[in-house]
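Here is the structure we will look at.
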Amino acid sequence: MKSLRATGVFILVLATAVPLAASVAETAHASALAPAPDACTITTDDAAAIATAAAQGLSAELAARRALLTRVIGCAIADAQTLKANLNAASVQGGAAQNIQSQLSGQLDDAVTYYNLELGKVAQAGIGGTQGIARETLSWRSGNYDPLAARVSNFMLWAKNQALFDTAGDRLGQMKGVVSFIYQAAPNPELEADIASAESLIVAANSENMQAEQAQSQALPPDQVLALIQQSLQSLSDAYQKFSDISATVQTLLPTNTATPAS
Amino acid sequence: MNLFETLKNLKNIEPDPAFKEQSKRAVLAVMPAAPAWNARRVLFRIVETGAAVALTGFFVLLITGSLSSSRLAPVQYSAIDPASLHAEAQAIDMQIHLAQLDYTTSAAESTPVTASAVKPSTRKPVVAAGVAAASSTATSTATTTLSLDEALQALSN
């Protein structure tokens, strides 16, 4: 009877401890993968701590260097993962845009793989080794990650612009309806010129927007893609200036004030 | 014969068989014949049904506002509303600012890090000059945040 009770207690303890241990291990693993936001705020004090440790001896300096390098690479991984999550959250339509999105997402995965490889070397590295890893990672970031991050940023900006282009297209259609109606009653050359100009600006903006998408498909330099995006937005903005001019003209022509004045 | 007997006899009254046959033939003669298959009639029915469906669809579209961009829709004067135009233009301007911000950020990233990118001194590899510089900066001035690249630069020295 006594041994039966002891077995029961043992099973109870085991049943409680195993999930708890698993939970603790999972939490520890997750925290290792994604450092806390504060952990990624690296200051000059953190860098100075290495010099302070160096004064205490080689082993203290090595430990300080390994700790900071692990932290920095962990933050780089978190940065890439956040960027990937934001990229994947962007809503895009069309096969070409979805291809770009999935390519960039895959490249961010590659970046995380690279960081993990470098992270794996830190535990066995000496002082010179940690310096080499830091130098190598810095160089790799400059040549690979920074351009990739710029491409992802461009893509997200471009994706967000698409709704504006759709709205501008609808607005042009409505404006043309109004101008056409007024033109039937009383031809107005100024309105005709403005709507024609607005239409050509919208056409140009759409064309530049398409070029920006193609440039991203061809993986052209981020600066070039960004220039096309900026150009398309500027054309769209100019078209809205024309819309605004049309709105002002129409309000002077209409007998009643159909719209509220601009605030 | 009393009245009741007469009424009972009337219950059994029947028409003359010859008259019954003649009447039956006359009734059958005026009943409409089953309509014969007629191509024109079928075509008319199809057109009639099609017109009904089309009209129903048109009114459904009209009610739901799906014709707003078509010529059939009345002219939308809300299109010239300056407030909505201004809001849309502002959204574009915001994206332009974001694009400029991205450009500025990427330009800043491409410039070399100078905060702690100090050349290694002769004390290398025990204490790197970059770290020492960061230490002296930390003691002499307020603590500043380092970017990942700046931190890596400090660690590489």
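Selection of region A:105-145 for residues being more than 16 Å from residue A:72 (Cα to Cα) and small (Gly, Ala, Ser) yields A:105, A:106, A:126, A:128, A:143. Considering region A:102-127, the residues that are without any contact (Cβ under 8 Å) to a residue 40 or more places away in the chain and touching a Leu at 6+ places or on another chain (Cβ under 7 Å) include one that is surrounded by the most Cβ atoms within 10 Å (Cβ to Cβ), namely A:111. Is it the case that residue A:130 is out of contact with any Leu (no Cβ under 8 Å at 6 or more places or on another chain), part of a helix (DSSP H, G or I) and either free of Cβ contacts under 8 Å to residues at least 24 places away in the same chain or surrounded by 20 or more Cβ atoms within 10 Å (Cβ to Cβ) (or both)? In short, no.
Kindly evaluate residue B:41 against the criterion of being modelled with pLDDT under 85 and either surrounded by 10 or more Cβ atoms within 10 Å (Cβ to Cβ) or more than 14 Å from chain A (Cβ to nearest Cβ) (or both). It is true that residue B:41 is modelled with pLDDT under 85 and either surrounded by 10 or more Cβ atoms within 10 Å (Cβ to Cβ) or more than 14 Å from chain A (Cβ to nearest Cβ) (or both).
Output the number of residues of region A:155-175 satisfying the condition of being in contact (Cβ under 8 Å) with a residue 40 or more places away in the chain and buried (at least 19 other Cβ atoms within 10 Å of the Cβ). Adding up the residues that qualify gives 11. The residues on offer are A:103, A:93, A:162, and the sole one that is out of contact with any strand residue (DSSP E or B) (no Cβ under 6 Å at 6 or more places or on another chain) and in the same structural domain as residue A:231 (by TED's automatic domain parsing) is A:162. Being in a helix (DSSP H, G or I), under 26 Å from residue B:83 (Cβ atoms), touching a residue at least 24 places away in the same chain (Cβ under 8 Å) and out of contact with any Cys (no Cβ under 7 Å at 6 or more places or on another chain) narrows it down to one residue among A:152, A:225, A:178; which is it? Just a single option satisfies the conditions, and that option is A:178.
The values are calculated or read from the model by the stated rules, or taken from the named source; none is laboratory data. What you see is a predicted model; the values in this text were computed from it and never measured. Every residue, glycine among them, receives a Cβ derived from its backbone with ideal geometry; neighbour counts consider all protein chains shown.
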